[in-house]
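Step one of this worksheet: look at the structure below.
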Amino acid sequence: MPKEKRGILNIVKPKTPILFTYSGDIWSSDSDDSDYKEESTSRSSQLCTVKPVTQLPQQNRNARKRKVDSRIVKKTCANTVKEISHNQWDSWGLTIPPEILLKLFKCVIADEGALPFLPRASRVCRLWHQVATDNSMWQYIDLSYGWIKKKSAVLTWLCQHRLQQVRELNLTGWKSEVNASLPDIWKHCLLLRSINLSYCKYSSEALQAIAEHCHNLCDLDLSYYESDGKFLASFKSLLKKSGKQFLCLKLAGCGVNLTSVLTAIIMFCPKLQLLDISNPKPQAGYSSINIDQFQENCTKLKIFRAANTRLSHTRSQVQVFSLHY
């Protein structure tokens with residue numbers, strides 16, 4: 001189909017001549033042009049018909065103008081802010097001193113903990129990775145919640161690359177996975193002061209290694225442990241070598257002879273401030289304790305928890321549910 005020729009303003013030329021005026025000058029009609037082509041009357045009348053424009057009140061016109069202007073301003077401001085914030089973010093991330101960023105990270109860790117913030121922050125940029133992987137940031141670590149997979153290989157890698165300056169370590173619920181990594185903990189975490197091994201399964205050899213490597217350990221939680229038959233001998237050996245430095249011992253859910261455990265604690269833990277022997281596993285009879293010797297040797301004891309523990313002193317038998325002094 002041949003392309004239809006059009007005149008000025010790309011409009012099909014009507015049959016009726018139309019004159020254009022500007023400053024009083026009269027221009028000739030398009031009918032005089034060589035490319036002029038006549039159209040049907042209906043088509044010409046349709047194109048020539050102009051609908052009258054309704055005059056809007058002044059108030060409506062101003063409101064519509066303000067609405068259009070506000071849209072333009074919002075769009076322009078949004079693009080400007082986006083561009084500025086993007087540029088500022090880039091410059092801030094590249095120019096901020098690492099010392100200041102380190103202090104900011106420590107403030108976040110103090111409120112929310114090292115995990116999962118540090119691993120996520122280390123992926124932002126090289127500067128953040130450098131600060132987030134600093135060993136001084138990994139001092140108080142709680143691995144009991146499940147932020148990482150409870151596998152011995154993962155814990156070993158953390159000990160070798162992140163936990164050289166750790167002070168407090170919580171491994172609650174790691175069960176048997178912790179046993180293979182305990183030698184790495186004792187070897188690399190020399191500044192360790194507190195460790196929670198409740199609901200974990202470990203060997204007596206791993207327990208004995210605490211005295212050889214962790215000379216700063218003063219808080220030990222072995223609640224509801226799962227150990228072999230040599231636990232009592234290993235625990236006594238541990239107290240004999242390192243008992244003087246212990247301030248807190250938690251042995252809730254103890255499954256061995258509680259009388260022997262209490263006797264060793266009284267003999268080798270003079271600085272003890274907190275002792276928890278609550279809810280021992282079912283055992284026949286009462287556990288003996290020399291209260292006089294206990295008070296004489298453990299003079300700094302502040303909290304003694306023995307809920308649901310049957311204790312006896314000399315001839316008197318007492319049922320202790322909770323005792324704090």
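The values are calculated or read from the model by the stated rules, or taken from the named source; none is laboratory data. As the structure is a prediction and not an experimental result, all values here were calculated from the model. Ideal geometry is used to build each Cβ from the backbone, glycine not excepted, and the neighbour counts take in all protein chains shown. Note: accessible area is taken over every heavy atom of the protein model, side chains too, but ligands, DNA and RNA are not part of it. Shrake-Rupley method; radii C 1.70, N 1.55, O 1.52, S 1.80 Å.
Brief remarks on what is shown
- Within region 168-190, being over 17 Å from residue 223 (Cβ atoms) and either touching a residue at least 40 places away in the same chain (Cβ under 8 Å) or outside any loop (DSSP other than H, G, I, E, B) (or both) holds for 177, 183, 184, 185, 186, 187, 188.
- Some residue of region 295-303 being at negative phi, open to solvent by 80 Å² or more (accessible area, probe 1.4 Å), acidic (Asp, Glu) and modelled with pLDDT under 85: no
- Selection from region 230-286 of residues that are more than 23 Å from residue 296 (Cα to Cα) and either assigned to a helix (DSSP H, G or I) or at pLDDT 95 or above (or both): 231, 232, 233, 234
- If you go through region 253-267 and keep only what is under 14 Å from residue 309 (Cβ atoms) and open to solvent by less than 10 Å² (accessible area, probe 1.4 Å), you end up with 253, 254, 258, 261, 262, 265.
- Residue check, residue 233 over 22 Å from residue 141 (Cβ atoms), open to solvent by 10 Å² or more (accessible area, probe 1.4 Å) and not aromatic (Phe, Trp, Tyr): yes
- Applying the criterion of being open to solvent by 30 Å² or more (accessible area, probe 1.4 Å) and without any contact (Cβ under 8 Å) to a residue 24 or more places away in the chain to the residues of region 128-160, the residue that is nearest to the chain's Cα centre (by Cα) is 146.
Conditions (1) among the aliphatic types (A, V, I, L, M); (2) more than 19 Å from residue 186 (Cβ to Cβ), marked per residue:
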{"site": "225", "(1), (2)": "no, no"}
{"site": "235", "(1), (2)": "no, no"}
{"site": "261", "(1), (2)": "yes, yes"}
{"site": "264", "(1), (2)": "yes, yes"}
{"site": "277", "(1), (2)": "yes, yes"}
{"site": "280", "(1), (2)": "no, yes"}
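- Residues that are crowded, with 16+ Cβ neighbours inside 10 Å and over 13 Å from residue 250 (Cα atoms) within region 278-287 comprise 286, 287, listed in sequence order.
- Of all residues in region 109-124, those satisfying the criterion of being open to solvent by less than 50 Å² (accessible area, probe 1.4 Å) and within 17 Å of residue 96 (Cα to Cα) are 121, 122.
- Filtered residue count, region 284-297, keeping only those that are in contact with a strand residue (DSSP E or B) (Cβ under 8 Å, 6 or more places away or on another chain) and either over 10 Å from residue 262 (Cβ atoms) or among the β-branched types (Val, Ile, Thr) (or both): 4
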